[in-house]
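Worksheet for the structure shown next.
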């Protein structure tokens, strides 16, 4: 199973728009937490984890659908992760 990290920036958005984005991303199996060294952490705002046997472009397409559901435009970046090192994140 491959892990992806996705970051989205909505253009001209407010906090309610981001709450809607979080809901839409969750519907598509994106999560706002990450486990590192056995501890579950909250990812930075509008950063998501996706685990699956898919290609990065498929993850991007799912994220783009979520952005479209907010009726706003936004920037999206998807990266395939080989592992993570974290610091300063809040425990989930």
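The values are calculated or read from the model by the stated rules, or taken from the named source; none is laboratory data. This one's a predicted model, so the numbers in the text were calculated from it and none came from an experiment. Backbone-built Cβ (ideal geometry, glycine too); neighbour counts: all protein chains shown.
Data table
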| read-out | value |
| --- | --- |
| Output for the stretch 8-42, where each listed residue is in contact with a helix residue (DSSP H, G or I) (Cβ under 9 Å, 6 or more places away or on another chain) and closer than 23 Å to residue 87 by Cβ | 8, 30, 31, 32 |
| Members of the stretch 66-92 found to be under 24 Å from residue 14 (Cβ atoms) and in a strand (DSSP E or B), listed by number | 74, 75, 76, 77 |
| All positions within the stretch 9-68 that are touching a residue at least 60 places away in the same chain (Cβ under 8 Å) and out of contact with any strand residue (DSSP E or B) (no Cβ under 8 Å at 6 or more places or on another chain) | 12 |
| Checking residue 83 against (1) without any contact (Cβ under 8 Å) to a residue 12 or more places away in the chain; (2) on the phi > 0 side of the Ramachandran plot; (3) surrounded by 14 or more Cβ atoms within 10 Å (Cβ to Cβ), the condition it does not meet | (3) |
| Condition broken by residue 49, with the remaining ones in (1) more than 19 Å from residue 16 (Cβ to Cβ); (2) in a helix (DSSP H, G or I) satisfied | (2) |
| Residue list for the stretch 43-73, restricted to those being over 14 Å from residue 30 (Cβ atoms) and surrounded by 13 or more Cβ atoms within 10 Å (Cβ to Cβ) | 55, 72 |
| Selection count where residues are within 19 Å of residue 41 (Cα to Cα) and modelled with pLDDT of 95 or more, scope the stretch 54-86 | 2 |
| Subset of the stretch 23-36 (residues that are surrounded by 16 or more Cβ atoms within 10 Å (Cβ to Cβ) and assigned to a helix (DSSP H, G or I)) | 24, 25 |
